[in-house]
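Following: one structure in structure tokens, then a few remarks.
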């Protein structure tokens, strides 16, 4: 490398960093933030749902009683009482025998994905994803240069025959699913499919990862059993407090077999030693307050209200050709336009008219994109924004569909 | 992979996780914490030096004024006013034209190392390290499966002729140095060596990384110029608030050319979206308080007092064959025993007698270990602990050396 000094450092970059799909979301969030645009693009929780008063109390408790310990280096595994709380929550909810030693605290579930990549993925190992899937997972796992394969989604979850076909021909190291109110589609796996998938994976050695950021935001009141309930293999659950408490604290967790946790702890230590102790204790202090469990009902109520409203407005204003599944939880509505439409083109018109969404193609692997879908987030918008935004979107869609249909049939 | 269910998941682990050197430090810290053992093993800051009162004020400001923003998702780059403060600090200190856009906030400088691995290291790329070096860096970078090469250290910094020789035969993608009060040796590079290294690297395309956790803990009052001062290539500085404010908040940074920062931001986003906002704002609020800059003098005074005391006690109690360099800053004293000694054996005797240290071999790459050195940390101990601990260590060393010398000459 004895050439002269570089002006541009691009030849120094690793192959993996060059393969990370860029996040269009970041760009659209930059464009919409601080502007008058009504944005259904972000996947942000509603700040009115942050339990500010109780988090303040939780923080004050640290400030008054526990600063020296909180400020010192701590263990990579995370704050033990918090790990214990999470384990107990699994025990109560599903009757499992979860131990705190099976819980590793991470910086949001995003870091969980990075650590899974570190522990399990060799270059060219196969990872199975839903089609479409969470962009952040694609980004985190891409870093470890796997081969991705995907299975399509139906209204009640992943397409089972496609999954069976895939499992026949591929040796998946890791399968990543979001069974509860999936991002981006809002789809919730049926109990039957959960059981079938669990059984199906019994015959395979790969790791089955269930990510579950939205499970608590459940409008139906029915408990959703994780696939892990029906599966005894290497099953890993990712969890986060981002959607039910606050994302800025960056606290999530991994629940796995203790042997796997031991490996993940090594990866965690190499990655950043440990997660911020102040935030871990703040969340723990919050959780053990008497009235904290009430808060989740307020979130559910707010989001359900927004969801119902957006769905009604869509029914009122959208052309009938557009296919919508009414979500039973989570933060997103997924809309499917006729196949001759490209939602990238729609977006640029909508942005001029003051409304933003995310074109569905963003959530597909390169080469597998479907261009006629869009993701609408209802979590962060006000009643007025939803009414006005969906009306503008509806009017634009009527024109857009007409024009696109005409162009399509003229070409054909 | 259609075999039956695993009991043990080891066949699923990645090659990289299996290559990470385990941290002996973690084990020794577990053994000593809560026990009566006087520990010179940890590299922990002295909790009496945490600016608890002012950090409390800094946190209260967030609790009172800024909760909703602090709890929401934020940008991967980090809290802009904090990035600006860090940039301004470089401008003031070295007369550079540092921009906030050249600063990325990380979870301690440990995460900086992980992100550098992600952005720069392809498998089998060469990384040059000091011999010995910071174990956490070896762990973080090992994850990206490089080939490490090392250069020895002298009292005034890296061995230049060894470095020249290395640069002649290797195309280093990345060089990682700790020029100020190195961990584990406490060595501080001379100005002359800094300049020579800077010039030497002008002819090479690799990335030169200077990690600097201890630079502010400087007993001499003389400003140490970074090698970057003499080098115009791809130069990267890592920084942290762990040693001068508090490590439990996990806030550090990377200072690099903006093009490189852009790549690091992609890696950061994939790794954990962004760092904890509460901690970033807490540190920023702390830094802009009028009296916060005074605090660093208290740390220097405490650590200098401890260092002087430990050095005096060592001179009083240690056998004269043991070579010590008196540190001019930082947290560590490095002791070199005669070559026939193995400090692992010494440690087990010392632990029984109530004193712990870290055997130097821990800080070497596998196969390059030197077994006759030890690291003593003076930062966290009281006057009594230092006096008593060094006396026990000294007495043990007298016996140990005598016995080992005898065995050695009898064998020979």
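Go through the stretch A:256-281 and give me each residue that's within 22 Å of residue B:116 (Cα to Cα), facing another protein chain (nearest Cβ under 7 Å) and assigned to a helix (DSSP H, G or I).
Within the stretch A:256-281, A:263, A:266, A:267, A:269, A:270, A:271, A:272 meet the criteria.
Just checking, does the stretch A:74-93 include any residue being surrounded by fewer than 16 Cβ atoms within 10 Å (Cβ to Cβ) and within 12 Å of chain B (Cβ to nearest Cβ)?
no
I'm trying to understand the selection: among the residues of the stretch A:397-412, which are in contact with a helix residue (DSSP H, G or I) (Cβ under 9 Å, 6 or more places away or on another chain) and surrounded by fewer than 22 Cβ atoms within 10 Å (Cβ to Cβ)?
If the condition is that a residue be in contact with a helix residue (DSSP H, G or I) (Cβ under 9 Å, 6 or more places away or on another chain) and surrounded by fewer than 22 Cβ atoms within 10 Å (Cβ to Cβ), then A:398, A:399, A:400, A:404 are the ones that fit.
Residue-by-condition table, conditions (1) modelled with pLDDT under 95; (2) more than 24 Å from the chain's Cα centre (by Cα); (3) in a loop (DSSP other than H, G, I, E, B); (4) more than 20 Å from residue A:151 (Cα to Cα):
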site: A:315; (1), (2), (3), (4): no, yes, no, yes
site: A:340; (1), (2), (3), (4): yes, yes, yes, yes
site: A:346; (1), (2), (3), (4): no, yes, no, yes
site: A:367; (1), (2), (3), (4): yes, no, yes, no
site: A:384; (1), (2), (3), (4): no, yes, no, yes
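I need the full set of residues from the stretch A:363-391 which are buried (at least 20 other Cβ atoms within 10 Å of the Cβ) and over 25 Å from residue A:309 (Cβ atoms), in order please.
Within the stretch A:363-391, just A:364 meets the criteria.
Among the residues of the stretch B:182-199, how many are more than 12 Å from residue B:228 (Cβ to Cβ), part of a helix (DSSP H, G or I) and touching a helix residue (DSSP H, G or I) at 6+ places or on another chain (Cβ under 7 Å)?
3
How many of the residues making up the stretch B:206-222 are within 26 Å of residue B:161 (Cα to Cα) and touching a helix residue (DSSP H, G or I) at 6+ places or on another chain (Cβ under 7 Å)?
Summing the residues that are within 26 Å of residue B:161 (Cα to Cα) and touching a helix residue (DSSP H, G or I) at 6+ places or on another chain (Cβ under 7 Å) in the stretch B:206-222 gives 5.
Just checking, how many residues over the stretch A:199-236 are under 19 Å from residue A:126 (Cα atoms) and touching a strand residue (DSSP E or B) at 6+ places or on another chain (Cβ under 8 Å)?
Selection size over the stretch A:199-236: 12.
Taking the condition without any contact (Cβ under 8 Å) to a residue 12 or more places away in the chain and more than 16 Å from the chain's Cα centre (by Cα), does residue B:190 pass?
For residue B:190, the condition - without any contact (Cβ under 8 Å) to a residue 12 or more places away in the chain and more than 16 Å from the chain's Cα centre (by Cα) - is not met.
Would you confirm, using the coordinates I've provided, whether residue B:394 is crowded, with 16+ Cβ neighbours inside 10 Å and not in a strand (DSSP E or B)?
Yes.
Looking only at residues in the stretch B:211-255 that are assigned to a loop (DSSP other than H, G, I, E, B) and facing chain A (nearest Cβ under 9 Å), which one is farthest from residue B:93 (Cα to Cα)?
Applying the filter and picking the extreme gives B:250.
Quick one: in the stretch A:34-48, which of the residues that are under 15 Å from residue A:355 (Cβ atoms) and assigned to a loop (DSSP other than H, G, I, E, B) is farthest from the other protein chains (Cβ to nearest Cβ)?
A:36
If you take the residues in the stretch A:49-73 that are in contact with a helix residue (DSSP H, G or I) (Cβ under 6 Å, 6 or more places away or on another chain) and outside any helix (DSSP H, G or I), which one is farthest from the other protein chains (Cβ to nearest Cβ)?
A:51
Looking only at the stretch A:111-137, which residues are crowded, with 21+ Cβ neighbours inside 10 Å and more than 27 Å from residue A:154 (Cβ to Cβ)?
A:111, A:114, A:115, A:117, A:118, A:119, A:120, A:121
On the given criteria, is residue B:21 assigned to a loop (DSSP other than H, G, I, E, B) and either more than 8 Å from chain A (Cβ to nearest Cβ) or modelled with pLDDT of 95 or more (or both)?
yes
Which residue, of B:309, B:249, is more than 22 Å from the chain's Cα centre (by Cα) and either within 20 Å of residue A:280 (Cβ to Cβ) or assigned by TED's automatic domain parsing to the domain that holds residue B:343 (or both)?
On inspection, the qualifying residue turns out to be B:309.
State whether the residues of the stretch A:308-317 include one that is away from every other protein chain (no Cβ under 14 Å) and farther than 28 Å from residue A:222 by Cβ.
Yes; the residues of the stretch A:308-317 include at least one that is away from every other protein chain (no Cβ under 14 Å) and farther than 28 Å from residue A:222 by Cβ.
The values are calculated or read from the model by the stated rules, or taken from the named source; none is laboratory data. The model shown is predicted, which means the values in this text are computed figures rather than measured ones. We place every Cβ from the backbone using ideal geometry, glycine too, and count neighbours over all the protein chains shown.
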